[in-house]
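Engineer: There's a structure below that I have some questions on.
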Amino acid sequence: MSPTLYFLTGPTASGKTALSLRLAMELDAEIISCDSLQIYEGMDIGTAKPTSDELSAVVHHGIGVFPVNRGVSVHDFSLLASAAVEDIHNRGKSVLVTGGSGFYLKSFLEPIIDDIVISRETRSVVNSLYENSGLASVVARLQELNPNGVGGLDIQNPRRVIRALERCLQSGDSVLQLRANLATLPEPYAGIEKRLCVIQREDNTLRKRIEQRTREMLNAGLVEEVRELITLGLLDNKSASASIGYRETIAFINGTLESELDETINLHTWQLVRKQRKWFRKELSNSRAVNLDFFAEPSLKHVFG
C-alpha cells in the first residue's frame, strides 16, 4: 500500500490531542506535531502540550525540540517534518500530522519555502525598524514597497510582517511576485496521498472548552512556567512571547495587564479561533469536516473517509 499523510487540524481547544491519540493507535501511526509553540522546550502548560503519558502512548515528533530563546522558522519546521515523514514511512508506519498552525500545515500541502537567504544586514535593518518605531512603521515600509497590495497578509502579526519585509528587501520583489514565484515550485510530498480533516465545534461548546482550559492552565502553574521561561530567554523570542496565553501572562507579571488574566486569555483565544476558522475555510475548503459535538468518538471513516 502506498504511503499516506493524514492530517487532523482544527481550532484551539477543539479536542485535537485526544482524538489524534485514538486515531494514531488505529492507524498504527506516529504523530508529527504541527504546532508552532509546542516545538519549544518548556512551553508546556500554556500550549496544552501532550502529557508524558500521552507522549508515551504514541510516538510524537516536533515537540520540545528547540530552546525557547531561539526563533523557529517554517523552513526549520519543514526540514524537521520531512525527515520525520521519511523515517516513519521507512519503518512501515503511518504519519498523522496534528495541530493548528496554519503555515506549518501549509508546508505539507504547497510550496511556501524558496531559496531566498536573508542577510544579517537586512535582518538587522528590519529588526531595528521594528524595535525603534514599532509594527506600524514596518507595515508602512512594507506597503511602500507593495503599492499593489500584500495579498491578504495579516498585517497585525509582527512575525509575518517582519518576514515579508525582509524578503521584499532581500529579493527586490513584491509580496505578490514572491507568491507567484512560489507557485512555480514543485508540490511537497508529491506522489503521497494526503487526507485532511478539520475538527469543528459549536460556538457555545468551544467557548466553554476555552474557559475550562484556561482555568486548568492557571491552576497547573502557567504564571510560574512563564516566570521560568523568561529566565531562559522567552522575551528574546518575539513570536513565542507574543503568543496567546504567554503575552497576557507576561503583562500580568509586569503589572501592565488592565483586566483579569483568565478573562483576557479567554477573549484573545476566542479571537484566535475566529481567525483560525476563517483560514481553514479559505485554505482547506476541500477537506473533510467533523463536528465533535455530534460525533464524540468519530470513526476513521468519519474522519478520513
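Engineer: Working only within the range 83-110, note down all residues that are surrounded by fewer than 16 Cβ atoms within 10 Å (Cβ to Cβ) and either in a loop (DSSP other than H, G, I, E, B) or under 13 Å from the mean Cα position of the chain (by Cα) (or both).
Structural biologist: Selection gives ARG91, GLY92, GLU110.
Engineer: Moving on to the next point. Among the numbered criteria (1) touching a helix residue (DSSP H, G or I) at 6+ places or on another chain (Cβ under 9 Å); (2) surrounded by 16 or more Cβ atoms within 10 Å (Cβ to Cβ); (3) without any contact (Cβ under 8 Å) to a residue 60 or more places away in the chain, which single criterion is violated by SER137?
Structural biologist: (2)
Engineer: A further question on this structure: Which residue out of GLU216, GLU211 is acidic (Asp, Glu), in the same structural domain as ASN69 (by TED's automatic domain parsing), within 30 Å of GLU41 (Cβ to Cβ) and touching a residue at least 40 places away in the same chain (Cβ under 8 Å)?
Structural biologist: GLU211
Engineer: Considering only the range 227-240, state which residues are at pLDDT below 95 and either over 19 Å from PRO158 (Cβ atoms) or hydroxyl-bearing (Ser, Thr, Tyr) (or both).
Structural biologist: Correct list: SER239 only.
Engineer: Can you list residue pairs whose Cβ atoms sit under 8 Å apart, with the first residue in the range 53-67 being acidic (Asp, Glu) and the second being in a helix (DSSP H, G or I)? Count only pairs 6 or more apart in sequence or on different chains.
Structural biologist: Taking only residues 6 or more apart or on different chains, the pairs are GLU54/THR17; GLU54/LEU21.
Engineer: Further, regarding this structure: Kindly indicate whether any position in the range 283-298 is in contact with a Phe, Trp or Tyr (Cβ under 6 Å, 6 or more places away or on another chain) and in the same structural domain as LEU234 (by TED's automatic domain parsing).
Structural biologist: No, the range 283-298 contains no residue that is in contact with a Phe, Trp or Tyr (Cβ under 6 Å, 6 or more places away or on another chain) and in the same structural domain as LEU234 (by TED's automatic domain parsing).
Engineer: Being without any contact (Cβ under 8 Å) to a residue 12 or more places away in the chain, surrounded by 10 or more Cβ atoms within 10 Å (Cβ to Cβ) and among the polar types (S, T, N, Q) is the filter here; which residues of the range 113-134 pass it?
Structural biologist: Residues satisfying the conditions are SER124, SER128, SER133.
Engineer: Would you check if GLY71 is modelled with pLDDT under 95 and surrounded by fewer than 18 Cβ atoms within 10 Å (Cβ to Cβ)? Don't jump to the end; show me each part of the working.
Structural biologist: Working: modelled with pLDDT under 95: yes; surrounded by fewer than 18 Cβ atoms within 10 Å (Cβ to Cβ): yes.
Against the criterion (modelled with pLDDT under 95 and surrounded by fewer than 18 Cβ atoms within 10 Å (Cβ to Cβ)), GLY71 qualifies.
Engineer: Output the residues belonging to the range 219-228 that are touching a residue at least 60 places away in the same chain (Cβ under 8 Å), under 10 Å from ILE45 (Cβ atoms) and in a helix (DSSP H, G or I).
Structural biologist: Once the filter is applied, which keeps residues that are touching a residue at least 60 places away in the same chain (Cβ under 8 Å), under 10 Å from ILE45 (Cβ atoms) and in a helix (DSSP H, G or I), the range 219-228 yields ALA220, LEU222, GLU225, VAL226.
Engineer: I've got another one for you. Return the residues of the range 175-218 that are in a helix (DSSP H, G or I), among the aliphatic types (A, V, I, L, M) and touching a Phe, Trp or Tyr at 6+ places or on another chain (Cβ under 7 Å); say none if nothing qualifies.
Structural biologist: The answer is ILE210, and nothing else.
Engineer: Residue check: is GLY149 surrounded by fewer than 15 Cβ atoms within 10 Å (Cβ to Cβ), outside any helix (DSSP H, G or I) and not assigned by TED's automatic domain parsing to the domain that holds LEU80?
Structural biologist: When the stated conditions are applied, GLY149 passes them.
Engineer: Name the residue that is surrounded by the fewest Cβ atoms within 10 Å (Cβ to Cβ), counting only residues in the range 264-299 that are of a type in the set (A, V, I, L, M) and under 18 Å from LYS194 (Cα atoms).
Structural biologist: Taking the candidates together, the pick is ALA289.
Engineer: Restricting to the range 245-293, give me the number of residues that are over 18 Å from the mean Cα position of the chain (by Cα), of a type in the set (A, V, I, L, M, F, W, C) and within 19 Å of ASP203 (Cβ to Cβ).
Structural biologist: Count: 4.
The values are calculated or read from the model by the stated rules, or taken from the named source; none is laboratory data. Computed from a predicted model, the values in this text were never measured in an experiment. Note that we place each Cβ from the backbone using ideal geometry, even for glycine, and neighbour counts take in every protein chain shown.
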